[in-house]
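Heads up: the structure comes next, in structure tokens.
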Amino acid sequence: MGDPSCIFCRIAAGDIPAAKVLDTAEATAFLDIGPLAPGHTLLIPRQHYESILDVSPAILAAVAAELPRLARAIINATGAEGLNVLLNTGASAGQVVPHLHWHLIPRRAGDHLGFRWNAGRYAEGESDAVRSAIVAALNA
């Protein structure tokens with residue numbers, strides 16, 4: 001069911017202890033051992049998928065369906081004012097463990113967590129070219 005070399009597969013299988021908060025047939029969630037805030041939780045599929053690029057739509061739907069309930073529980077349990085839900089795909093995007101996972105990070109005003117959001121602008125005609133390339137890739 002999992003990859004024996006993958007730490008998250010081993011956590012899902014119960015081979016490595018973790019502070020699990022949710023365990024279903026398709027998903028497992030546990031506290032991150034390096035939390036950005038108390039209650040920082042990781043949600044993973046029990047099966048091994050490296051990223052969102054190779055997970056089946058059915059498994060993705062089953063795991064993602066846990067997000068609202070888990071988010072509410074984290075906010076209620078921690079008293080957080082908000083929550084970030086992050087999914088990193090690939091090392092260049094910050095994915096450290098090559099197993100699909102969402103970070104649910106409780107947030108409070110003044111917590112000094114943040115993200116570099118260096119918004120840019122498209123050059124004249126560039127957005128049309130990018131849009132066309134994405135549509136072509138979707139239809140390929």
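Probe of 1.4 angstrom, ligands and nucleic acids ignored: what's the accessible area per residue over region 1-132, in square angstrom? It amounts to 61 Å² per residue over region 1-132. The portion of the accessible surface of region 68-139 made up by carbon and sulfur, rounded to a whole percent, is 55 (1.4 Å probe; DNA, RNA and ligands excluded).
Each of GLU126 and LEU53 was given a label point 7 Å from its Cα along the Cα-to-Cβ line. The distance between the two points is 2.3 nm. Taken one residue at a time, the phi angles of region 9-14 give Karplus couplings (6.51, -1.76, 1.60, θ = phi - 60°) of 4, 5, 5, 4, 7, x Hz. Gly and Pro are set to x.
The HN-Hα couplings worked out from phi for region 21-29 by the Karplus form 6.51 cos²θ - 1.76 cosθ + 1.60 (θ = phi - 60°) are 10, 8, 8, 10, 4, 10, 9, 9, 10 Hz, whole numbers, x standing for Gly and Pro.
The values are calculated or read from the model by the stated rules, or taken from the named source; none is laboratory data. These figures come from a predicted structure and were not determined experimentally. Methodologically, a virtual Cβ is constructed for each residue, glycine included, from the backbone with ideal geometry; neighbour enumeration extends over all protein chains shown. Areas reflect the complete protein model, heavy atoms only, side chains present, ligands, DNA and RNA absent. Shrake-Rupley method; radii C 1.70, N 1.55, O 1.52, S 1.80 Å.
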